[in-house]
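Here is the structure we will look at, set down as structure tokens.
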Amino acid sequence: MDTCKAETAATVDIRDRMNIVIVGSVDHGKSTLLGRLYADTGTLPEGKVEKIQAICKQQGKEFEYAFLFDAFLEEQQQGVTIDTARTFFQWAGRQYIIIDAPGHKEFLKNMISGAARAEAALLLIDALEGVKDQSKRHGLLLSMLGVKQVTVVVNKMDLVDYSQETFALIEKEYRAFLSQLDVTPQFVIPASAKRGDNIATPSPQMAWHTGPTVLESLAQFSSESEQAEQPLRFPLQDVYKFDARRILTGRIASGRLKVGDQVIFSPSNKSAVVQTLEAFNIEPPPTQAQAGQSVGITLDEQIFVERGEIVSHESSLPLVSTTFRANLFWLGRRPLDMDKSYLVRLATHEVECRVAAIHRIVDADNLSLDQHQTNTVVKRNEVADVTIQTKAPLAFDLYSDFETTGRFVLVDDYDVSGGGIITEMVADREETLRIEARQRDFAWVTGDVTLADRAKHYGHRAALVLLIGPDTTGKTFLAKKVESTLVAEGRHVYMLDPENLRRGLDADLQEGDAREMIRRYGEVARLLIDTGVLLISTTNSFRLPADQTVEAIRTLVHPAPVLTVYMSQETTPSPIEADLSFTGPEDFTSTAHAVLTALKEKGIIAETIGNQPVFQFSI
Amino acid sequence: MRHLRQLEDQSVYILREAYKHFDNLGMLWSMGKDSTVLLWLARKAFFGHVPFPLLHVDTSYKIPAMIEYRDRLAREWRLNLVVGQNKKALAEGMNHERGRVECCTALKTNGLKILLEEKGYTGIILGVRADEESTRAKERYFSPRDKNNDWDFRDQPPELWDQFKTSFPPNTHIRIHPLLDWTEINIWEYIKLENIPFMDLYLDKGNGTRYRSLGCAPCTFPIKSTASTVDEIIEELRATNVAERAGRAQDEGRGMEVLRKDGYM
Ligand SMILES: Nc1nc2c(ncn2[C@@H]2O[C@H](COP(=O)(O)OP(=O)(O)O)[C@@H](O)[C@H]2O)c(=O)[nH]1
Ligand SMILES: [Mg+2]
């Protein structure tokens with residue numbers, strides 16, 4: 001082993017770094033292989049082997065390389081890896097973090113946590129046991145987690161007399177499985193971790209193997225990411241104002257960003273020009289950045305945008321919808337339930353969602369099987385093909401196009417409980433209007449006065465209050481009351497009754513043209529909102545279900561905040577989740593007051609006139 | 001150098017996530033090389049500002065030069081420094097001769113616990129690295145602690161891509177570890193790259209010894225070394241196979257596993 005030690009070349013300068021995960025079914029030899037790799041390259045800390053020898057002796061066991069990294073007492077007593085360990089390995093100018101993942105089904109969430117950090121994987125299969133359930137499940141999860149570089153190690157070859165035939169059979173079976181996932185292994189290596197065959201040195205027992213050893217195969221993984229060559233995706237992480245600069249921060253997920261670039265924010269459709277790239281202790285300041293970098297930018301205009309938006313160039317925009325189809329793995333203690341709501345987190349965007357459909361549970365054993373199933377839950381450790389519906393529109397990409405913006409996690413209560421990759425955008429009802437709004441916004445010509453200037457001047461933000469509910473419940477009366485109260489306070493408010501559009505703007509329309517009436521109303525509202533006004537409106541004229549009306553209007557005035565107020569005579573539940581609900585109000589003064597309070601809470605109206613409003617939404 | 005920028009990008013992302021999600025956030029600073037690099041990374045992440053307090057759990061047994069260094073940087077970098085101490089244990093005369101694990105538990109683990117209770121922090125940023133010792137190798141970037149400060153390492157939350165555990169039940173808190181992926185060599189390479197001021201206790205000043213790791217004076221021992229510059233430290237580390245914390249007494253046996261389960265850093 002001395003020759004290897006001489007080659008460790010720890011003194012060589014590090015050129016790059018890479019995270020590698022070791023996966024495969026329990027007991028197939030992952031931890032042993034890792035220990036062996038370190039031992040045979042002379043990269044273990046001094047005294048470590050002696051320490052493990054002492055532990056093994058004390059427990060009356062044969063020496064186990066696995067104990068080198070199975071650090072917890074429980075792990076050593078039970079001879080099983082419970083949680084992933086990051087181990088550090090340096091070889092031939094590259095710094096590796098090798099992540100040993102547990103193979104036991106019970107610890108799948110730990111395996112996934114380890115694999116999600118990796119750029120490449122070693123997948124182990126026990127030559128004697130052959131391909132197991134978990135071998136396939138791990139292969140499937142690697143492809144879902146974005147680990148595209150895989151080398152398969154057929155381990156414990158010593159137990160099958162180093163038989164080339166046994167190896168060939170396993171290789172054939174597993175290659176066939178991976179091809180269904182569009183994965184081609186870089187190498188398939190016969191090895192014995194316990195004996196050190198084909199780990200750091202070629203095995204004399206398997207002269208028939210012409211490929212690399214495990215150690216050699218590591219250098220063949222590429223650490224070059226193609227992400228910089230893709231179109232720009234820059235999910236906004238936060239907006240800072242520690243000093244005179246207003247800095248937008250985030251990590252570039254793909255592509256490049258330069259000073260002077262015209263960029264678009266999705267889903268708000270705002271745009272601006274990148275003025276500077278900000279950095280601490282870097283002289284001269286950078287003028288461009290690319291995928292992987294955590295950066296800060298300033299814009300030429302003080303547009304209000306917030307965390308969760310995806311910055312891109314206009315030539316390649318992310319998709320926007322409330323609905324998408326995805327492959328999802330579930331790790332939650334409780335099953336994923338169609339009747340429950342969850343939080344979806346995609347890049348930095350967080351929004352409430354529901355599972356609208358569970359199309360099928362994916363069986364790792366039988367990937368292509370598309371049998372019709374009716375499931376209402378996805379159980380722990382299952383993979384499913386689902387449709388997810390979010391409460392507000394979300395900007396995203398298909399996973400096949402973009403890694404970071406094409407995947408998401410679901411949060412149940414306090415915990416990240418599942419992850420998924422987006423396979424398809426599903427056009428929702430508002431798709432046509434959303435495209436209209438997007439194109440209209442990109443081409444919108446503005447003066448020098450910004451919405452933020454207007455907000456400062458009026459002491460409130462432009463917004464829309466929509467009153468919904470059955471006829472004759474006092475909606476118009478309340479609208480008038482709110483309008484006059486606010487105008488008396490000096491605010492810029494206008495009651496826009498949709499009836500007023502009917503005989504003028506809508507004169508060419510028939511009774512049945514409800515969608516077109518809403519569209520025109522939405523465009524008028526959008527225009528007025530751009531003047532900085534707070535609009536109040538009733539909605540009965542449209543003669544469409546309230547949820548459809550509200551969603552269509554919301555899409556057209558997006559991203560201006562919309563406050564919904566439901567009014568009814570009896571206690572009939574609102575057809576939508578309204579921000580406020582009133583039943584047969586008699587005291588309209590206090591009802592109007594409640595609306596005002598809600599506007600203040602939402603940060604639409606400043607607490608006192610003249611004060612700058614608290615902005616919780618993007619303008 | 002590219003690998004250092006990659007590490008930096010990830011740490012900065014983690015720090016910004018922490019700042020976004022935790023209203024009551026603090027960063028532990030022991031003045032050692034790791035937590036000083038962490039502090040520097042915070043200044044990177046927040047463009048020269050450090051928008052949360054730096055917490056020093058003072059055991060009273062620190063080397064005096066460390067306190068001078070602490071106060072100087074706090075002034076120069078306009079840091080909000082919060083010092084905590086387990087005064088009761090010290091008044092009762094706690095010291096390492098009563099047992100190292102006992103002393104660490106009382107002055108560090110419980111010192112921290114008292115500080116957390118007093119200030120109600122819900123997120124604590126720490127400079128621990130996975131290569132320091134084997135239980136830290138199994139840490140998450142965002143790692144929950146229950147109301148007794150305990151670490152349930154048998155059941156850690158999943159950590160998927162860059163989505164971290166940022167919500168948690170009342171009376172619990174999250175430990176945030178932006179340096180998990182850094183090695184000891186990376187720390188020194190980065191100190192050199194960014195020219196970060198560090199304590200000269202890490203350098204040999206002519207007597208053939210230097211500190212490799214700084215803790216309390218009675219329990220940290222200098223190593224034999226003639227490295228008197230950062231370059232020489234890096235060179236020395238590249239050639240050694242001796243664990244960094246070999247000079248730390250509390251790491252013996254299962255010391256760290258026991259300590260960390262109960263909330264030790
Ligand atoms: N005969 C033989 N046994 C092995 C080999 N690799 C690992 N083992 C044994 O298989 C058992 C499980 O190994 P371990 O590394 O803990 O498996 P893991 O669950 O995949 O991490 C241990 O008893 C090892 O000694 C091998 O190449 N040949
Ligand atoms: Mg194992």
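What follows is calculated from the coordinates using simple rules that are stated; it is not laboratory data. These numbers come from a predicted model, not from an experiment. Neighbour counts are summed over all protein chains in view; Cβ atoms, including those assigned to glycine, are modelled from backbone coordinates with ideal geometry.
An oblate overall shape is assigned to region B:105-176, the ratio a/c of its alpha-carbon gyration tensor axes (a ≥ b ≥ c) being 1.5 or greater and a/b not exceeding b/c.
Packing-wise, with mean Cβ within 10 Å as the measure, how do A:140-153, A:301-314 rank, highest first? Spell out each step's value before the answer.
Details: A:140-153: 22.4, A:301-314: 19.7.
Order by mean packing, descending: A:140-153, A:301-314.
Only lysines eight or more places from A:Lys602 in sequence, or on another chain, were considered; those with a Cα closer than 30 Å are A:Lys241, A:Lys270, A:Lys340, A:Lys391, A:Lys456, A:Lys475, A:Lys480, A:Lys481, B:Lys20, B:Lys119, B:Lys165.
Among A:498-505, A:264-271, sorting by the average number of other beta carbon atoms lying within 10 angstrom of each residue, highest first, gives A:264-271, A:498-505. The mean count of C-beta atoms from other chains within 10 Å of the C-beta of residues in A:251-261, rounded to a whole number, is 1.
Counting Cβ atoms of other protein chains within 10 Å of each Cβ in B:126-139 and taking the mean gives 4. Here the calculated FRET efficiency for A:Ala176 and A:Arg360, from their Cβ-Cβ distance with R0 = 25 Å, stands at 0.70, rounded to the nearest 0.05.
Once the Cα-Cα distance is subtracted from the 0.36 nm per residue extended length, the A:Val259 to A:Glu226 segment shows a gain of 9.7 nm. For region A:7-219, lysine pairs with C-alpha atoms less than 18 angstrom apart, excluding pairs fewer than eight positions apart on the same chain, total 21. Given axes a ≥ b ≥ c from the Cα gyration tensor, I'd like to know whether region A:425-504 is rounded (a/c under 1.5), prolate (a/b larger than b/c) or oblate. Oblate, since a/c reaches 1.5 and b/c is not below a/b. Computed from label points 7 Å out along Cα-Cβ, the spacing between A:Asp508 and B:Thr229 is 8.0 nm.
Calculate, for A:Ile55 and A:Arg333, the FRET efficiency according to 1/(1 + (r/R0)^6) with r their C-beta to C-beta distance and R0 45 Å; round to the nearest 0.05.
Values: r = 33 Å, r/R0 = 0.74.
With a Förster radius of 45 Å, E is 0.85.
Of the three principal axes defined by the Cα atoms of region A:319-428, the extents in descending order read 33, 30, 23 Å. Model label points for A:Thr201 and A:Glu489, set 7 angstrom from Cα along the Cα-to-Cβ axis, are 8.2 nm apart.
Suppose we take every Cα in region B:64-106 and form the convex hull; what volume per residue is that in Å³? Intermediate values should be presented prior to the final figure.
Details: hull volume 4.0 nm³, N = 43.
Convex hull volume per residue, Cα atoms: 93 Å³.
Order of A:Lys481, A:Lys61 from fewest to most other C-beta atoms within 10 Å?
Numbers: A:Lys481 19, A:Lys61 12.
Exposure proxy ranking, most exposed first: A:Lys61, A:Lys481.
Label-to-label distance, A:Lys480 versus A:Glu129, with points set 7 angstrom from Cα along the beta-carbon direction: 7.8 nm.
Once the Kirkwood radius over Cα pairs is known for region A:434-601, the Stokes-Einstein relation at 10 °C and 1.306 mPa s delivers a diffusion coefficient of 96 µm²/s.
Multiplying the residue separation of A:Val351 and A:His457 by 0.36 nm and subtracting their alpha-carbon distance yields 35.0 nm. Over every Cα atom in region B:54-145, the radius of gyration and the widest Cα-Cα span, Dmax, amount to 14.7, 38 Å.
For region A:350-495, what D do you get in µm² per second when you plug the Kirkwood radius from alpha-carbon pairs into Stokes-Einstein at 37 °C and 0.692 mPa s? Translational diffusion coefficient: 161 µm²/s. Among A:425-436, B:51-62, A:30-41, the peptide with the highest mean count of other Cβ atoms within 10 Å heads the list, and the full ranking is A:30-41, B:51-62, A:425-436. Sorted largest first, the principal axis extents computed over the alpha-carbon atoms of region B:185-250 equal 32, 24, 22 Å.
The gain in end-to-end length when the A:Val239 to A:Thr583 segment is fully stretched comes to 119.8 nm, 0.36 nm per residue minus the alpha carbon separation.
Quick check on the exposure proxy: order B:Thr166, A:Thr446 from fewest to most C-beta atoms within 10 angstrom.
Details: B:Thr166 19, A:Thr446 9.
Lowest to highest Cβ neighbour count: A:Thr446, B:Thr166.
Take each residue of peptide A:414-425, count the partner chain Cβ atoms within 10 Å of its Cβ, and average: the result is 3.
Which whole-number percent gives the relative contact order of chain B, counting Cα pairs below 8 Å spaced six or more residues apart?
On the way: 405 pairs, mean separation 57.7, N = 265.
Computed value for chain B: 22 percent relative contact order.
With charges set only on the Cβ (+1 for Lys and Arg, -1 for Asp and Glu), what does the dipole of region A:319-428 come to about its Cα centre, in debye to the nearest 20? Mind showing how you got there, number by number?
Working: 11 positive and 17 negative charges, 54 e Å.
The dipole of region A:319-428 has a size of about 260 debye.
Only residues of region B:116-153 count here: report those whose backbone N is under 12 Å from the spot 7 Å along Cα→Cβ of B:Asn171, or say none. Inside the label zone: B:146-149.
Put simply, the convex hull of the Cα atoms in region A:227-312 casts, on average, a shadow of 5.2 nm². With only Cα atoms counted, chain A has Rg and Dmax values of 30.1, 94 Å. With 21 Å as the cut-off, how large is the P(r) tail for region A:7-219, expressed as percent of Cα-Cα pairs? Of all Cα-Cα distances in region A:7-219, 51 percent exceed 21 Å. A Förster radius of 60 Å, combined with the Cβ-Cβ distance separating A:Thr423 from B:Ala217, puts the computed FRET efficiency at roughly 0.50.
What whole-number volume per residue, in cubic angstrom, does the convex hull of the C-alpha atoms of region A:370-439 give?
On the way: hull volume 10.6 nm³, N = 70.
So the per-residue Cα hull volume is 152 Å³.
Label chain B by shape, choosing from rounded, prolate and oblate, from the square roots a ≥ b ≥ c of the eigenvalues of the Cα gyration tensor; if a/c is under 1.5 it is rounded, and otherwise prolate applies when a/b is larger than b/c, oblate when it is not.
Numbers: a/c = 1.39, a/b = 1.12, b/c = 1.24.
Rounded, since a/c falls under 1.5.
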